[in-house]
Every structure is written in C-alpha cells, then in structure tokens.
1. For the stretch 87-104, does any single residue satisfy the condition of being under 13 Å from the mean Cα position of the chain (by Cα), part of a loop (DSSP other than H, G, I, E, B) and either of a type in the set (D, E, K, R) or at pLDDT below 95 (or both)?
2. Would you confirm whether any residue within the stretch 55-67 is free of Cβ contacts under 8 Å to residues at least 60 places away in the same chain, farther than 13 Å from HIS5 by Cα, open to solvent by 60 Å² or more (accessible area, probe 1.4 Å) and under 14 Å from the mean Cα position of the chain (by Cα)?
3. Say we look at the stretch 24-50 and pick out the residues that are β-branched (Val, Ile, Thr) and surrounded by 17 or more Cβ atoms within 10 Å (Cβ to Cβ); which of these is farthest from THR9 (Cα to Cα)?
Amino acid sequence: MGLVHAHATSTESGDVAEAEAIDRAVGRHAAVTATKSMTGHMLGASGAVGALAALLALRDGVVPPILNLDAVDPRVDLDLVRGGAREGDWTASLANSFGFGGHNVSLVFTR
C-alpha cells in the first residue's frame, strides 16, 4: 500500500500534470496528500517538509488531509486524502518536490 506526498502548488496546469504523472508512475491506488494546503509554499523548504510528512506517515500510520480542496479537476482521478486525516499501514511513500529553475526531485521511502 503506497502514499504520495504531492508537490501540489494549486495551479491548474501543474496539479493536473503531476496527477497524470502519479497515475502513470504508481497508479490510482496510492493515497495522495499535500501539506502546502496547510503551510503555504515555503520555496526550498517545501521539499523538506514534504519528505518529513512522507516519512512520518510511514512511521505513525497517519497522513494529513489536503485542506481547502473543494472542487477537484475531473482530470484528476486519484485517491486524494480529503476531509480529515487518514490512517493506514503504508509500506512505501513518494515525496515530490519541483522547484523554480528545474530543481526537481522525487524521493521514495520504504519501511
């Protein structure tokens, strides 16, 4: 069972492209969350916070929801964590971080 911490900047083109990439890379079965909905965009620090959220979800078995996500683009067909934290027994997590100027990374953590 997998988990994805999406970069999710709340831009139509960026979020749809990332959702399509997640679907192709890991499928629709993974729970998808994003902490920028709680923290805002912290530029370079966003990647570290996303990685920590992905690691803590593996350790603690709980993932935070995506806040303020009222309308989902119909092109996004993923298991989005909404409405409240979700418990699970995840064995792997993927943390995406995409920065200005091509500073892009996706980290995979397992337990």
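The values are calculated or read from the model by the stated rules, or taken from the named source; none is laboratory data. Here the structure is a predicted model, which means the values were calculated and not measured. All Cβ positions, even for glycine, are placed from backbone atoms using ideal geometry, and neighbour counts span all protein chains on display. Quick note on the areas: whole protein, heavy atoms, side chains included, nothing else; ligands and nucleic acids left out. Shrake-Rupley method; radii C 1.70, N 1.55, O 1.52, S 1.80 Å.
1. So far as the stretch 87-104 goes, no, none of its residues is under 13 Å from the mean Cα position of the chain (by Cα), part of a loop (DSSP other than H, G, I, E, B) and either of a type in the set (D, E, K, R) or at pLDDT below 95 (or both).
2. Scanning the stretch 55-67 turns up at least one residue that is free of Cβ contacts under 8 Å to residues at least 60 places away in the same chain, farther than 13 Å from HIS5 by Cα, open to solvent by 60 Å² or more (accessible area, probe 1.4 Å) and under 14 Å from the mean Cα position of the chain (by Cα).
3. The residue in question is VAL26.
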